Amino acid sequence: MRYLLLCLYFVWLTSAHKYSTRVVRTKYGPLRGILIQTPPVEAYLGVPYATPPLGSLRYMPPVTPSTWRTPRSADTYSAVCPQKLPDIGNRTEALLKLPRGRLVFLEKLLPLLNNQSEDCLYLNLYVPRPENSMDDIGSMLPALILIHGESFEWNSGNPYDGSILASYGHVIVVTINFRLGILGFLKTGARGSAQGNFGLMDIIAALHWLRENLQVFGGDPDRITLMGHGTGASLANFIAVSPVAKELLHRVILMSGSGLSPWAIQRDPLAVKRKVAEQTGCHGDLVEDDIAPCLRSKSLEELLDVRLEPLRFLPGFAPFIDGAVIASSVVTSVSLSDVGILSGNKDGPGYELADFPDRDLLFCLTSTESYLDLSAQDLEFGFNESRRDRILRTFVRNSYYFHLNEIFSTLKNEYTDWERPVLSALNYRDATLEVLSDGHTVA
């Protein structure tokens, strides 16, 4: 798995393009890609899978893209979807919240996310150069679709160059840009409406596009694997159990997350809608009214300035149970006293995933999934019992509703090494990392 992640790390293409001699004729128009000498891989960058969600299409489900007649040069990454990036300008302040390695990583990633536009519904394909006849069905390649992680509010598929994995893995690698944050995961509709989860709808639209066109690239539409990391893993999980995506994928790889992670779903989308309305001036009956028409009149800057300030360990803008993409038929209502972490709202029932389709699933973890929850100083020097208790109390308070003291005491008991007569600062650090890793991802 480490090799796989390295293959998808930032490997940016050089500016001197060598164009492929092959023109691929998709359902929507012909494409000409560029040739990457790895062994040779054809890269088709910035391929539209939906109509730009501009104007009246903002806060609407994705629409089929327009067609074109002459060959389109697919040689440039599209803009990334609008997003508010983490503020790491002051390294000293950033290290009070982040591990040192995380800061270095963000300093490399964030500059790649500055070119932003609402016209962002594009995908990138990395295709091993064909050596056999494209008519030979036996030569059709499997496809690996990467759903990027990091956050429901920022990042892009563009930084993850799939050329190395495509070349040596003999697989077509696809990365996708989809709407994020306030544009992608806000419930805008009235009560009973499924309006929202547009980011999930975008990914499903991209899967439909691939289902229609993968074969002309030499891919097998019956061998599609959806892979996600972190927040991308939860999105992949929701799509895998969605009734609207049954025939669009066949295998699933979930890395460092799932639909059952406590940060995977927004428990109270109406509260998020209320905060957005307050900060944008789109007032009205928040239960009965659709605020999308009002939000379409707002500038992009006004929308990106909205701040939710979610509780620690919980998401802000995130997928929610909408009855359509995340349907009630794939969740089971349970008593809040029985539910673990995937919940509805404080006064209603909780939820757990009730079923998983009959398809192959690979679930991948690291030894320390909660590494990003501690600061550079905490990771380097550890901390005392009092700080351990504060972190665990915050986690329990924000993740559970009932029996909080009992849960807190149980976690302390189960994750304390009682064979050690004296616990050091590093022992408390390690135990806390284990609790948070299990609570966020593993359990």
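All of the numbers you see were taken from the coordinates with simple rules; none came from a lab. If you're wondering where the values come from, they're calculated on a predicted model, not measured in any experiment. Cβ: placed from backbone, ideal geometry, glycine included. Neighbour counts: every protein chain shown.
Of note:
- Between helix 269-280 and the chain: long-axis angle, C-alpha atoms, 0 to 90°, nearest 10: 80
- Potential lengthening between residue 409 and residue 389 on full extension [0.36 nm per residue; Cα-Cα distance subtracted]: 6.2 nm
- Hull volume per residue, based on the alpha-carbon atoms of segment 222-315 and their convex hull, is 141 Å³.
- Rounded to 10°, Cα long-axis angle of helix 198-213 versus longest principal axis of the chain: 30
- Percentage relative contact order, segment 375-442, counting C-alpha pairs under 8 Å, at least six apart: 50
- In plain terms, the chain from residue 314 to residue 93 could stretch by 77.4 nm, reckoned as 0.36 nm per residue minus the Cα-Cα distance.
- Most positive-pole-ward Cα, 163, 95, 141, against dipole of the chain from beta carbon charges: 163
- The aspartates and glutamates within cross-link reach of residue 18, meaning a Cα-to-Cα straight distance under 15 Å and a gap of 8 or more places when in the same chain, are 42, 75.
- Going from the residue with the fewest nearby Cβ atoms within 10 Å to the one with the most, 283, 440, 208 rank 283, 208, 440.
- Each peptide among 119-125, 419-425 gets the average number of other Cβ atoms lying within 10 Å of its residues, and from highest to lowest they stand as 119-125, 419-425.
- Overall form of segment 94-237 per C-alpha gyration tensor (a/c, 1.5; a/b vs b/c): oblate
- Anisotropy class of segment 45-154 from Cα gyration tensor, a/c 1.5 cut: oblate
- Applying 1/(1 + (r/R0)^6) with R0 = 22 Å to the Cβ-Cβ distance of residue 215 and residue 119 gives a FRET efficiency near 0.20.
- With 26 Å as the limit, the listed pairs 84/273; 273/298; 97/412; 27/298 have 27/298 beyond it between alpha carbons.
- Summing charges over neighbours of residue 441, with a neighbour being any other residue whose Cβ is under 12 Å away from its Cβ, gives -4 when K and R count +1 and D and E count -1.
- Cα centroid separation, segment 397-443 to segment 246-264 (Å): 26
- Antiparallel bridges, percent of DSSP beta bridges restricted to the chain (to nearest 5): 50
- Cα pair distances exceeding 14 angstrom across segment 13-92, given as percent: 71
- Spherically averaged projected area of segment 375-442 from its Cα convex hull (nm²): 4.8
- Ellipticity at 222 nm from helices only: DSSP H runs of n ≥ 4 in the chain, each -39500 (n - 2.57), divided by the residue count, give -8000 deg cm²/dmol.
- For 409, 156, 151, order by how many other beta-carbon atoms lie within 10 Å, fewest first: 409, 151, 156
- C-alpha long axis of helix 100-109 to longest principal axis of the chain, angle in °: 30
- Alpha carbon centroid spacing (whole Å) that separates segment 46-66 from segment 298-329: 20
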